[in-house]
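Report on the following structure.
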Amino acid sequence: MIEVKNLSFKIGNKHILNTIDLIVNKGELFGILGPNGSGKTTLLKNIAGMVAIQTGEVFIDGMELQKYKTKELAKQMAVLPQLNDAPFSFTVYDAIKLGRYSHQSSLFPSWSKLDEEKVNEAITLTNIQHLKDRNVDELSGGERQLVYLARALAQEAKILLLDEPTNHLDVSHQMDLLELLKKLVVEQELTIIAIFHDLNLASLYCDRVFLLKEGSEVCTDKARNVFKHEQLSEIYDTSLETIHHPVVPKSLITFIPSYLEEIIKDDEQRPFINEHTKDWLVLQTTYPYKTLSSAIIGSGFGWSTTFATLHVDKNYLCDNPVEDMKSNLIKKGYDHTRTIGMMTAASLEDASFKEHIDEQFSLKVMVTAGVSNAVDISQASFFHSDEMKQGTINTWIFIEGMMSEAAFAQSIMTATEAKTKAMQVEEIYDKMSNTLATGTSTDSIVIAASQVGSQFEYAGTITNIGRAIGTCVFEATVESLQKYKRRIRDFR
């Protein structure tokens with residue numbers, strides 16, 4: 001365990017560190033973060049004993065740092081240099097052998113079988129067997145960093161101190177290095193203290209982080225508790241936003257560019273119909289909208305400029321509708337990576353459009369409705385199989401405003417309630433259960449927001465924007481259902 005108590009440090013009359021207190025536990029990857037000039041490197045040097053402590057104390061496993069002899073401290077702690085340090089002209093193998101210096105006890109060092117084993121173990125662990133006969137100064141930055149790490153492992157230190165370990169490394173080498181460090185922490189209970197500039201890497205790999213500003217502690221905690229966008233924006237004096245990682249329970253940090261407000265200022269940004277035929281209904285925007293969708297193409301959160309519905313035959317069957325939709329979009333010349341793509345057996349000519357405009361926001365809604373596969377969800381498990389039948393109510397909602405993730409989710413809830421109410425009003429029945437339907441088995445929806453303009457934290461039915469969404473979706477769905485029923489009646 002490492003304990004820092006009341007540590008202060010100054011150069012001349014300038015205070016670099018101000019009464020720092022922290023504890024780093026055994027088997028922990030501990031990150032030190034903060035803007036340039038906040039005192040990160042000075043703190044690491046004080047912990048490493050690379051500078052004389054002026055005020056305060058540093059303890060390693062309960063013993064004061066200054067009481068350690070050089071070799072004894074080297075058995076406890078190893079320091080990995082930054083990559084901009086000049087490499088030395090040793091072979092990789094000889095460079096790693098230097099890590100065994102602290103284990104030489106006699107005046108004339110001897111090389112033992114144990115020394116040999118530890119060097120080879122370090123080489124194997126860092127997976128650099130293929131480099132051991134090359135000179136260090138011939139290696140790439142990523143390879144050199146692995147050599148430095150192998151030397152530290154050969155040293156058998158319990159603590160590793162790293163100053164910007166991913167500096168000058170490409171993405172692949174950054175990940176390789178941090179994956180290895182995390183493995184050492186988990187499997188060997190190594191204690192690692194590292195300075196990070198990359199907030200996302202710190203978020204992904206650090207057990208806890210220590211945030212500094214102007215030499216003083218801001219907070220120490222797990223990254224998800226420290227990385228709040230309000231706090232980070234203040235500390236780094238720039239606009240930052242935190243989002244959830246899509247795979248692991250970690251935070252990701254992204255920048256908000258200052259030019260954002262200049263991008264969209266006129267009506268040309270709003271969705272316009274690019275194609276409306278019996279086979280295709282396509283709306284496009286000049287700038288990507290943030291989207292949340294259940295579509296065949298573009299599901300989940302994303303950014304899209306094209307919104308397309310393809311009409312398919314009522315007997316359409318396909319093993320891979322995603323690839324089929326993608327293929328059709330490519331044939332039409334649309335970029336499928338920026339497209340929300342849906343299918344429906346409903347007539348696209350019966351699409352209904354509604355719009356709401358006021359001083360705070362505007363929105364546009366499009367609905368196509370076919371309900372031959374209408375379902376009462378409360379009866380679905382009793383009367384319906386897993387077979388996918390064609391029909392579909394597709395709902396598109398375009399909002400000129402900045403929506404939070406909660407507002408996106410609530411928009412879907414509000415729109416779904418409005419759709420269900422429209423089906424009840426139009427007396428759409430589930431043919432299998434002979435009860436009022438709540439939707440169809442293949443309904444799809446997209447919420448698309450410009451992310452510029454008024455900000456909306458919520459979009460439930462009690463909010464102005466929620467009421468506008470509900471009204472427009474209800475009216476558009478009713479109108480589209482009425483067109484559908486007329487068409488069916490006329491066909492008969």
Exercise. Out of the residues in the stretch 328-374 that are crowded, with 19+ Cβ neighbours inside 10 Å and aromatic (F, W, Y), state the one that is farthest from G466 (Cα to Cα).
Key: Y334
Quiz item: Where in the stretch 138-205 are there helices (runs of 4 or more DSSP H), lying fully within it, with 1 or more residues that are within 23 Å of P249 (Cβ to Cβ), under 21 Å from the mean Cα position of the chain (by Cα) and in the same structural domain as G34 (by TED's automatic domain parsing)?
Solution: 171-188, 199-205
Exercise. Determine the pairs where a residue that is under 20 Å from L169 (Cα atoms) and not assigned by TED's automatic domain parsing to the domain that holds L162, located within the stretch 72-96, has a partner that is basic (K, R) and modelled with pLDDT of 90 or more with Cβ atoms under 6 Å apart, the partner being 6 or more residues away or on another chain.
Key: none
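Okay, residues lined up against (1) surrounded by fewer than 18 Cβ atoms within 10 Å (Cβ to Cβ); (2) within 29 Å of S112 (Cα to Cα); (3) in contact (Cβ under 8 Å) with a residue 40 or more places away in the chain; (4) not hydrophobic (A, V, I, L, M, F, W, C):
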position	(1), (2), (3), (4)
D137	yes, yes, yes, yes
V147	no, yes, yes, no
R151	no, yes, yes, yes
D163	no, no, yes, yes
T166	no, no, no, yes
L169	no, no, yes, no
V185	no, yes, yes, no
N200	yes, no, yes, yes
Quiz item: Quick one: in the stretch 310-323, which of the residues that are surrounded by fewer than 18 Cβ atoms within 10 Å (Cβ to Cβ) and at pLDDT 90 or above is nearest to G300 (Cα to Cα)?
Solution: V322
Quiz prompt | Neighbours by Cβ (under 7 Å, 6+ apart or cross-chain): first from the stretch 277-306, under 23 Å from T416 (Cα atoms); second assigned to a strand (DSSP E or B) and of a type in the set (K, R) | solution = W303/K290
Quiz prompt | Residue match in the stretch 439-450 (condition: at pLDDT 95 or above, in the same structural domain as V322 (by TED's automatic domain parsing) and touching a Gly at 6+ places or on another chain (Cβ under 7 Å)) | solution = yes
Quiz item: Looking at T238, is it part of a loop (DSSP other than H, G, I, E, B) and either surrounded by fewer than 16 Cβ atoms within 10 Å (Cβ to Cβ) or assigned by TED's automatic domain parsing to the domain that holds A152 (or both)?
Solution: yes
Quiz item: Restricting the stretch 187-198 to residues that are within 21 Å of Y236 (Cα to Cα) and not aromatic (F, W, Y), which is surrounded by the fewest Cβ atoms within 10 Å (Cβ to Cβ)?
Solution: H197
Quiz prompt | Residue tally, condition out of contact with any Leu (no Cβ under 7 Å at 6 or more places or on another chain) and touching a residue at least 60 places away in the same chain (Cβ under 8 Å), over the stretch 1-18 | solution = 5
Exercise. Determine which single condition D85 fails, assuming it passes every other condition in (1) farther than 22 Å from V185 by Cα; (2) surrounded by 19 or more Cβ atoms within 10 Å (Cβ to Cβ); (3) modelled with pLDDT under 90.
Key: (2)
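Here's the yes/no breakdown for (1) more than 28 Å from the chain's Cα centre (by Cα); (2) of a type in the set (F, W, Y); (3) closer than 29 Å to R487 by Cα:
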site	(1), (2), (3)
M325	no, no, yes
D335	no, no, no
T339	no, no, no
E349	yes, no, yes
K354	yes, no, yes
Q360	yes, no, no
L363	yes, no, yes
Quiz item: Pairs under 8 Å by beta carbon, first residue closer than 16 Å to S444 by Cβ and in contact (Cβ under 8 Å) with a residue 60 or more places away in the chain in the stretch 417-430, partner assigned to a helix (DSSP H, G or I) and among the charged types (D, E, K, R), six or more apart or different chains?
Solution: none
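The values are calculated or read from the model by the stated rules, or taken from the named source; none is laboratory data. Only a predicted model underlies this, so the values are computations on that prediction, with no experimental measurement involved. No Cβ is skipped: glycine too gets one built from the backbone with ideal geometry, and neighbour counts run over all protein chains shown.
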